Structures are given as C-alpha cells and as structure tokens.
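Asker: Quick one: the structure is below, and I'll ask about it shortly.
The values are calculated or read from the model by the stated rules, or taken from the named source; none is laboratory data. Since this is a predicted model, take the numbers as computed values, not measurements. Methodologically, a virtual Cβ is constructed for each residue, glycine included, from the backbone with ideal geometry; neighbour enumeration extends over all protein chains shown. Just the protein is used for accessible areas: all its heavy atoms, side chains included, with ligands, DNA and RNA removed. Shrake-Rupley method; radii C 1.70, N 1.55, O 1.52, S 1.80 Å.
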Amino acid sequence: MIGASLGAAAYERASEISAILAVANPVGDRRLARLSSRPDVVLALSGIGISFGGVKALSDVDLEVEVGEIRAVIGPNGAGKSSLINIISGLYHADRGRIAIGGQSFSRVPASRLARLGVARTFQNLALFGGLSVRNNIACGRVHTRRASFVEHIAGLPRARSEDAGIAEKTDQIVAFLHLESVADRLVATLPYGLQKRVELARALVAEPKLLLLDEPMAGMTATEKAEMAGFVRAARDRHGVTIILIEHDIGVVMGLSDRVAVLDYGRKIADGTPAEVRADPAVIRAYIGTAEGENGEDI
Amino acid sequence: MAVQALDAARLPVDWAKLVQKLALATALFVVAYGVVPAYASGYLVEAILLPFLALSLAAVGLNLLTGYCGQLSLGSSAFMAVGAFGAYNFNLRVEGLPLAVTMILAGISAAGFGVVFGLPSLRLRGFYLAVSTLAAQFFVQWALTKFGWFSNDNPSGVISAPHLAVAGLSLDSATGRYLLSVTTVMVLTALVWRLVNSATGRNFIAVRDNETAARVIGVPVLRTKLLAFAISSFIIGIAGVLWAFTYLRTVEPAGFNLDRSFQILFIIIIGGLASIRGAFWVRRSSLSSRSFCPGSAHSCSAACSIRAFST
Amino acid sequence: MSYYDFLFVIEVLVGGLLSGVMYSLVAIGFVLIYKTSGVLNFAQGSMVLFAALTFVSLVERGIPFALSLLITFAVMVALGFTIERTVLRPLVNRSPMTLFMATLGLSYIIEGAAQLIWGTQVHGLDLGIDDTPFEVGGILISSFDLLAAAIAAAMVAGLSAFFYWTRIGLAFRAVADDQFAALAVGLRLPRIWGTVWTAAGFVALVAGLLWGARLGVRFSLSLIVLKALPVLVLGAFDSILGAIVGGLIIGASEKLAEVYLGPFVGGGIEGWFAYALALVVLLVRPSGLFGQKTVERV
Ligand SMILES: Nc1ncnc2c1ncn2[C@@H]1O[C@H](COP(=O)(O)OP(=O)(O)OP(=O)(O)O)[C@@H](O)[C@H]1O
Ligand SMILES: [Mg+2]
C-alpha cells in the first residue's frame, strides 16, 4: 500500500510537471515573464481564454495583482468572474493563456499543489465539509503542512502529536480572529448560512496564503453581516498582509474595500483601474445599465 | 506543552462522562472475556457470535471506505475471500508461521487487491466507481474457483481451516475461536476508532463531503482514496479470515458472493454510515430478526435499510 | 484464416450482437429512470423477474396470452407507481447514492415478495417462437434471437416515438435536460416520474418475457441486472443510444472473448469480462462512450 501511495504521489507530480512544461503563445509569454519577474506582482494572467461548448466564458483576459492589494473583479451574472478564479486555482483549465503565480508560470495550475503555492480560496457556493465540526473544517485548511503518516497518527507518535498541536494553535487564532468561538465545536452543516461563509474564510486564512481568492464572500448576507465580513476581509489584508482577489456584486462594498477594480462583461475585461476611474468609465456604465440587474442593490 | 495546558483549560474534564466511559469499557471486557466464555452455550457462540463478529468487522472496514471516505464499494466479500484464501495459503505454504502473522499477511494481500481495484476511483466517481468494484467481486470469485492452486487443488475450490493456535495454546474449540475472533475485532476496531478521529480520518471525510474543496486546500485526494481502499480492504480481509477460520471452518469461493457484499452494505446502511458502533448493533438485530424472516434472507434487512433512509 | 474460420468468427459475432440486444433491453429500463430522476434503479432486474413470473403464472392458469399480457402490464404499472410513491418520493432530494442503495434494498424486497407469492420453482415460458437456427450464407442464426432483436428494436422505436412526439415525452426530455428549469416552467415532475416508471415497467415486461422464454422463468433472472450494469457504464447511464451500442459491443466482445480468450484462462470468463471491458473504456472516457464530458461547476 505504501508502493501504491508512492505511485499516486508520482502521478500527481507528473501531472504537475507536464502542466508546467506545457507551451503557450510567445508574445503573452514575454509579457508574463516580465511581469512575473517583478517581486511586487503576486499573480499575472495573460491572454486567458476558456469556452464551454459554444459559450465563451472568458476571452483574452489579462490581469495582474500586486502584493498587498485588494483587487476586485466585478461584472454582471455570467460575465466569467468565477471562471477566472477557477482557472487561477486550477479547477478549470484555460484553453489559451498563461498564469504566473509568485514567479512560476503555468498554462494549467496544478490544483493539488495550490495550497503549497501559497494560494487559498473560498467558493461561490459553500464548499465546506458538512460532516466535520467548525474547528476541524478550519484545521483542514492547514492539511498541506502535514507530514506525519496515518500510522504515526494511529500510534500517536511525537511528530503527529506536535503537528496536531501546532495546527490546533493556528486554528484557535483564526477562530478568535473571526469571532467563531461560540460555534467552534458545532457541526458546520448546522450553522446559518452567514456563519458558514465565515468558516470558509477561516479555512482559507488558516493556510496563511500569500494570495486569497474570494468568490462572492458576502452573497446572500444581510447588510450587517456584509459590513462585518468586509471588516474581516480588510483586517485579513491589514494584519496578515494577504493579497486578495475579491468577486462581489455589491458595488458599494467593492468601492469601499478595493484598491483596484477589474470589470468583466461577456468574458472580456472592459475596464481596469481604481474604483473612481472604473465608476466613471462609460463602457462600465453601459454594461451595467444594459443588463438591468435589480437584485444586486446599488447601481453605479 | 503550553498548548496542551491550554487545551486542558478550555475543555474541563467531564468526570461523569469519563467514569461512564470507563465503566462501559470494563463491562465490555468482562462480558467479552468473562461472561461469554463461561456461560454462553455452544450454539450461541458457533451460530450467532462468530458470524456476528466476522461480519461486524467487515462492516467496520467497509464503513471506513463508504461511510467515511464516500467511495461506494459493492465488492466487499471479494476482499473477504482474498483474506480467507490468503491466510489459508500462507499457513499452508510457510512452515510454522504464527497465526497473527498469517492474519496480518492475509490482510496485506487483501489491501493490495483493494488498492488495485481502488485505482479506478482516481478517475471514476459515483455509480461508475460502484460498478467497477463489481469487477473485483466477479473476478476474484472466478479466479479462486478457476485456479486450483489457491485451494491446494481441491476440485471445487473448498478450503478448510487449519489448526489454530497462539503461542502453543490451541484455539480450535468454540471458545478458543471465539476468543481469537473477539480479540481481533476489538483490537482492529480500536485502531479504526483512532484512525477516524485523526487527521487522516478527517481527510477521508473531507474527500467524501467535497472532493474539489479538499483538493484545493491540499488534501492529497488520490493518496487518501487509495489509503481508504487499502485500510478498508485490510480489515475486510481479516474479517474474511475470521469468517473462514473461526466461523465456517470450510468455505468455498461461492460463499463470498455478491449477496454477502450487499449484506455487509446493508449492515452499514442500517447502522448508519460513518458510525462504527452501528456496524455492531445492526448485525446483532438482523441476526435476531432472521428467524421471523423466511423467504429471501435479505429482504428484511433491505426493508430496514429503506426505513433507515426515510427517517 | 480459412473461409470456414472466417464464417465461424462472423457467426460468433452475430450471435454476440444478438445477445447484446438482449442486454440493451434491460439497460434501457435503467436509462429511462436515470435520465429523469438521477436514480440508478438496481431493482430493474427484479422488476424483470416479477413481470415474467406474473405472466407465467397467469398463462399457467389458462388465461389467454393477450389478456395475460395486458394484466401483467397493469401489474407492472402498479408496481412502478408504488415504488415511485413509497420509496422514491419520500427520498427526493437525497443523494443519488442513497437512492441507489434504497433501490438495492428494494430489489431484495421484490424478490422476497415474488418468492412468497410464487415459490421458487422454475417455470417454462413458451412464447410460441420457433427456435430452430436457420442458415444465411453459411452462417447459422438463431431465429429466436433474431426475433428478440426485432422486438427490442420495435420497442426502442416505439419509445423514441413516444418521447419525441407526445407532450409528455417532450416534458420527459425537458426534465432529463434540466430538472430545475423544468420545474421552473411548471412541468409537473411527479406525473413525469410516474410515466417513466410505467415505461420502465413496460420495458421490464418485454425483457422478462424474452429472457424468460430463453432461460426459463427462474429466480436467477433478476441477475441479468448484472449484465446490464457494464452495458450502462460502457454506454453512459443517461443515453438510450449508449445502452444500445454498449449492449452490442459487450455482447459481441463477450462472445468473441469466450471463444478466443476463454480457452487460455480456463473459461468461465463471462462473469467478469464485460466488467473488465467496461473498466478499460471508463479509464479512457470516465463518463462512458456516450456521456457528455462536463466540467464540474464550482
Ligand atoms: N463548468 C461549466 N460548464 C459549462 N459552462 C460553464 C461552466 N462554468 C461556467 N460556465 C459558463 O460560463 C459563463 C461564465 O460563468 P461564470 O460562473 O464564470 O460567471 P460569473 O461571472 O461567476 O457569474 P455569477 O455572477 O452568476 O456567479 C456562464 O455562461 C456559465 O454558464
Ligand atoms: Mg460566479
């Protein structure tokens, strides 16, 4: 069985290597090489395109994210925002383009190595482990740091114990940071929606990522919950220095929270700049008025 | 150290609960090693306790894979067969191999098979995986019947239990076999208990509840699935040894058929997926209810399983 | 390869294809239910058995063929409706695995009930089809198999017509496409599920008669579900075309393997060969030959 797990590990590694070696277009590559060599660029996308059947979810999207910024990505429903995050986290594979994460360039990001690349994320639709307690859900966020084998765990050997203790300590810190103490030992599936969203943020933060991808962390929340969550997101950046990509429909939240905003519409990036610049951009105004979304509260 | 101190401070020890747990454990030991060997009738041991123990252990193994890791397997009895025939052959072909070593080797053989037939789980999900585990079921049964080597050239593939002894102490009597069985089951169940409450067990649950999220946060999904297949098959394999050596004493490959696999599946469904204790309760109740259920042996437990779902 | 060897291969192949049709027959019953409700109905095999037993017991009591057929059909419809009401409706919104295990339990219940009602003896079933093989260009073909294939083809054509040209058929396809959207536009799912279970009961009836006529009506009849599963896996659970092509491929390769591979490994490989074949195909195409390749939405 050890052989087999080695085999599985080798398989994972091989797919990573092939992902790294895959070739892409040279022009974008040069741009990407220039960007990813800059130490202040955490993430650089170049010429990203993906389609599903006939639907072009993204075409030719460039994006760079600098250290310590909160980078919002907005756009109407179906604009391709989630697809973008899914490509960065390796869950979707782009048809075209390259992704550079912290100086390493990929055409397909290896999802299984994402945590070790220093990237953590939350999901638009909750993706918690319903059968685990809040604390254990959060502790899972550090699973990529574990080394002890299952035998060490069963036997309770020192390495397994010290791992557990270290992770428990980190978990406690995050639990306190996000004010989850009162529910820490409850099964996560029994929590209200807003709290589950917060647990997901906790699970991502406990990994101490360099880059955090948040896909609509405030969707479906009340105004108070939103404000609270926005506070947590900002505090995460300010205290832990995490770089954040934030997808959010609530324009008010976005404008107040982010340093730069990229706007997607029908899979294309139609604007990119500071909140003030984007707010004044005629293309953005057109895209938003064109879709006439009532549900998302404020318009521009 | 500081952390452990903190832990203790946060969770005040619940003495009443601790005492209760200790009392339960003691009672279990007294019954298992005192009351039953001393007072249980031969019939009770031979016809009820021995199959109960073996199948419960198999259910514990399957539960690890299906209940905790979320990989539905329909071929459990194939792994029981591998364990049983493996033990038979190790015992036959290696002179003077201690019983414990034989059993562990048999378990490892089953684990090896488990990994091989678990490989499709790396690419397949849900029903596609479930159907592919049927391949294990039919292939193993066929191979054991077809190749005489496995049964030392018995024409119908039947094997008989060897003389059972630990440290020169014969365990061939009903009580001896019971003690072997109950000890094995208790040790393995305790180990599984520790496993599912460890980080590895939580990885199993993470893969079950949300494979995509698990992968993204760094759970080694492929390795976790194979590990679940390996450990689960190891336990089911040893359950097969108990089934063949302590309960039936003579078995043929056809005894490890699809019905047996489904029976084990029903046990874990009724007992509650991802519940170790459930594996034992159900086995007991379905045994006691069998006498009221003529006709198809399974329909009764099947009915219960449907009821268990709807509640 | 000599001419006669060649003829022999063809003969084996044709025999295999024809028995493949018989597998498809069972598999289609699965697909119908899977497509609309996402349930892999393991009890399809015991429904086949139930249909065959009902029919045989009616015929043996001297009831005319056509009337027996009609009564059996009514019984199957009732059975389908009962299952839908009592087992699946209460479990709606549960995971597909849960539903599958429920149908697994159900199959034992149906079989148990059948055993209580009819006992375990084997009944002969004579559909009045003559089974003398006839010769086409030097190849022997079983006329029974050929007729069975024709009936199966007619049934598939009938079902297709039903699903393409009737209102309820249209609704069926809408549900199969997208359950939520179908609900949103006001299609009444329960009625559609009821219809589908009726259709599955009908398929079970046809399969039960043909298989029963071939093997005798016996309890092992419900095991043909095990023949249908690799067919489904190979062709994809949600494609009728897949069920047909999968059945043909498995039927043909199983027979060829039995003849050409069997002797090397001691024979008896029909129990697992189909599964091994399906597995190999799956490793290349994880959602079957005719399944759509989808990227999981997150
Ligand atoms: N896995 C998939 N399979 C098929 N189509 C997909 C998939 N993921 C996304 N799409 C399609 O790609 C387009 C962009 O989807 P995406 O989820 O990225 O939009 P979004 O901007 O996140 O929208 P929303 O605000 O509703 O979350 C949509 O048309 C969607 O239907
Ligand atoms: Mg989205």
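Asker: Where does each of A:186, A:239, A:268 land when they are ordered by accessible area, with a 1.4 Å probe and the largest first?
Answerer: So, going from the largest accessible area down, we get A:239, A:268, A:186.
Asker: Kindly sort A:265, C:238, A:185 by accessible area of their heavy atoms, largest first, with the probe set to 1.4 Å.
Answerer: Numbers: A:265 30, C:238 55, A:185 105 Å².
Descending accessible area places them as A:185, C:238, A:265.
Asker: For the range B:72-216, what is the Kirkwood estimate of the hydrodynamic radius, computed as the reciprocal of the mean inverse distance between distinct Cα atoms, to one decimal in Å? Intermediate results must be reported in sequence, preceding the final value.
Answerer: Numbers: mean 1/r = 0.0572 Å⁻¹.
Hydrodynamic radius (Kirkwood, Cα pairs) of the range B:72-216 is 17.5 Å.
Asker: Once you place label points 7 Å from the Cα toward the Cβ at residue A:179 and residue A:93, how far apart are they in nm?
Answerer: Label-label distance for residue A:179 and residue A:93, simple model: 4.5 nm.
Asker: Contour minus end-to-end for residue A:234 and residue A:280, with contour as 0.36 nm per residue of separation and end-to-end as the Cα-Cα distance? Don't skip to the end; give the middle numbers.
Answerer: On the way: separation 46, 0.36 × 46 = 16.56 nm, distance 2.44 nm.
So the extension gain works out to 14.1 nm.
Asker: Grab the Cα-Cα distance for residue B:47 and residue B:186, subtract it from 0.36 nm times how many residues apart they are, and report the gain in nm with one decimal. Provide the component values of the computation, followed by the final result.
Answerer: Values: separation 139, 0.36 × 139 = 50.04 nm, distance 1.96 nm.
Stretched fully, the residue B:47-residue B:186 segment lengthens by 48.1 nm.
Asker: If you don't mind, another one. Rounded if a/c is under 1.5, else prolate if a/b is larger than b/c, else oblate: which is chain C, with a ≥ b ≥ c the root eigenvalues of its Cα gyration tensor? Before the final figure, lay out each step's value.
Answerer: On the way: a/c = 1.73, a/b = 1.23, b/c = 1.40.
Here chain C falls in the oblate category.
Asker: Round to a whole angstrom and tell me the spacing of the C-alpha centers of the range C:258-292 and the range C:30-101.
Answerer: When both Cα centres are located, 28 Å separates them.
Asker: Let me make sure I get this right: for the protein assembly as shown, a, b and c are the square roots of the gyration tensor eigenvalues over alpha carbons, sorted descending. Under 1.5 in a/c it's rounded, otherwise prolate if a/b > b/c, else oblate. Which is it? Walk me through the numbers before you get to the answer.
Answerer: Values: a/c = 1.89, a/b = 1.28, b/c = 1.48.
It is oblate, given that a/c is not under 1.5 and a/b is not larger than b/c.
Asker: Okay, next question. With an 8 Å Cα cut-off and a minimum separation of 6 or more residues, compute the relative contact order for the range C:201-288 in percent.
Answerer: Details: 59 pairs, mean separation 23.4, N = 88.
In percent, rounded to a whole number, it is 27.
Asker: Let me ask you something else. How high is the FRET efficiency from residue C:296 to residue B:170, r the C-beta distance, R0 45 Å, rounded to 0.05?
Answerer: Between residue C:296 and residue B:170 the formula returns 0.20.
Asker: Give me the percent of accessible area attributable to carbon and sulfur for the protein assembly as shown, probe 1.4 angstrom. Can you show the working numbers first?
Answerer: Working: 23930 of 38150 Å².
Ligands and nucleic acids excluded, carbon and sulfur reach 63 percent.
Asker: To continue, here is another question. How much accessible area per residue does chain A have, in Å², with a 1.4 Å probe?
Answerer: Dividing the accessible area of chain A by its residue count gives 42 Å².
Asker: Give me the accessible area of residue A:245, 1.4 Å probe, in Å² rounded to the nearest 10.
Answerer: 0 Å²
Asker: Protein chains only, probe 1.4 Å: how do C:85, A:135 rank by accessible area, largest first?
Answerer: On the way: C:85 125, A:135 45 Å².
I get C:85, A:135, largest accessible area first.
Asker: Setting aside same-chain residues fewer than 8 positions from residue C:255, which lysines have a Cα under 26 Å from its Cα?
Answerer: B:146, C:227
Asker: Moving on. Divide by every residue of the protein assembly as shown the summed helix terms, -39500 (n - 2.57) for each DSSP H run of at least 4, and state the resulting mean residue ellipticity at 222 nm, rounded to the nearest 500 deg cm²/dmol. Mind showing how you got there, number by number?
Answerer: Values: 37 runs with 540 residues, N = 909.
Calculated mean residue ellipticity at 222 nm is -19500 deg cm²/dmol.
Asker: Calculate the spin-label point distance for residue B:116 paired with residue A:227, positioning each point 7 Å from the Cα along the beta-carbon direction, and give it in nanometres.
Answerer: 6.5 nm
Asker: So which DSSP H runs in chain C come out at 18 Å plus along the axis (Cα) with average Kyte-Doolittle of at least -0.5?
Answerer: On the way: long enough: C:3-37 (50 Å, 1.51); C:44-60 (24 Å, 1.49); C:65-83 (27 Å, 2.41); C:96-118 (32 Å, 1.17); C:143-165 (32 Å, 1.61); C:189-215 (37 Å, 1.17); C:240-260 (30 Å, 1.36).
For chain C, where a helix must reach 18 Å along its axis and average at least -0.5, the hits are C:3-37, C:44-60, C:65-83, C:96-118, C:143-165, C:189-215, C:240-260.
Asker: With the contact rule set at Cα under 8 Å and sequence spacing of 6 or more, what percent relative contact order holds for the range C:3-284?
Answerer: Numbers: 373 pairs, mean separation 112.6, N = 282.
It comes to 40 percent, rounded to a whole number.
Asker: Still on this structure, I have one more. Return the single residue from C:164, C:23, C:34 with maximal mean-square fluctuation; model: Gaussian network over chain C, springs between Cα atoms under 10 Å.
Answerer: Residue with maximal mean-square fluctuation among C:164, C:23, C:34: C:164.
Asker: Modelling each spin label as a point 7 Å along the Cα-to-Cβ direction, I'd like the residue B:193/residue C:183 distance in nm, to one decimal.
Answerer: Going by the 7 Å Cα→Cβ label model, 4.2 nm.
Asker: On to the next question. Report, ordered by chain and residue number, the lysines lying within cross-link reach of residue A:170, taken as a straight Cα distance under 22 Å and ignoring same-chain residues fewer than 8 apart.
Answerer: Result set, ordered by chain and number: A:197, A:210.
Asker: Shifting gears a bit: Give the aspartates and glutamates reachable from residue C:35 as a straight Cα distance under 17 Å; neighbours fewer than 8 places away on the same chain don't count.
Answerer: The reachable aspartates and glutamates, counting only those whose Cα sits under 17 Å from residue C:35, are C:84, C:177, C:178, C:238.
Asker: Also, quick follow-up: What relative contact order, as a whole-number percentage, does chain A give when Cα pairs under 8 Å and 6 or more residues apart are counted? The partial results should precede the final answer.
Answerer: Values: 519 pairs, mean separation 68.0, N = 300.
Computed value for chain A: 23 percent relative contact order.
Asker: Give, rounded to the nearest 20 debye, the magnitude of the charge dipole that the protein assembly as shown has about its Cα centre when Lys and Arg contribute +1 at Cβ and Asp and Glu contribute -1 at Cβ.
Answerer: Details: 72 positive and 62 negative charges, 272 e Å.
Roughly 1300 debye, rounded to the nearest 20.
Asker: Using 1/(1 + (r/R0)^6) with R0 = 41 angstrom and r between the beta carbons of residue B:154 and residue B:123, what's the FRET efficiency to the nearest 0.05? List each step's numbers first, then the result.
Answerer: Details: r = 38 Å, r/R0 = 0.93.
With a Förster radius of 41 Å, E is 0.60.
Asker: At 0.36 nm per residue, and after removing the present C-alpha to C-alpha distance, how many nm does the segment from residue C:122 to residue C:223 gain when stretched out fully? Please list the in-between numbers first.
Answerer: Values: separation 101, 0.36 × 101 = 36.36 nm, distance 1.48 nm.
Value of the extension gain: 34.9 nm.
Asker: Using a 1.4 Å probe on the protein heavy atoms only, what accessible surface does residue B:259 show? Give it in Å² to the nearest 10.
Answerer: So the heavy atoms of residue B:259 present about 70 Å² to solvent.
Asker: Report the calculated FRET efficiency for residue A:259 and residue A:51 (r = Cβ-Cβ distance, R0 = 35 Å), to the nearest 0.05. Don't jump to the answer; show the numbers that get you there.
Answerer: Values: r = 31 Å, r/R0 = 0.87.
Efficiency at R0 = 35 Å is approximately 0.70.
Asker: Residues of the range C:266-283 with accessible area at least 30 Å² lower in the all-protein-chain context than alone (1.4 Å probe)?
Answerer: Checking the loss per residue gives C:272, C:275, C:279, C:282, C:283.
Asker: Assign one of three labels to the range A:129-207, namely rounded, prolate or oblate, based on the Cα gyration tensor with a ≥ b ≥ c the square roots of its eigenvalues; rounded applies when a/c is under 1.5, prolate when it is not and a/b is larger than b/c, and oblate otherwise.
Answerer: Values: a/c = 2.36, a/b = 1.91, b/c = 1.23.
Verdict is prolate for the range A:129-207.
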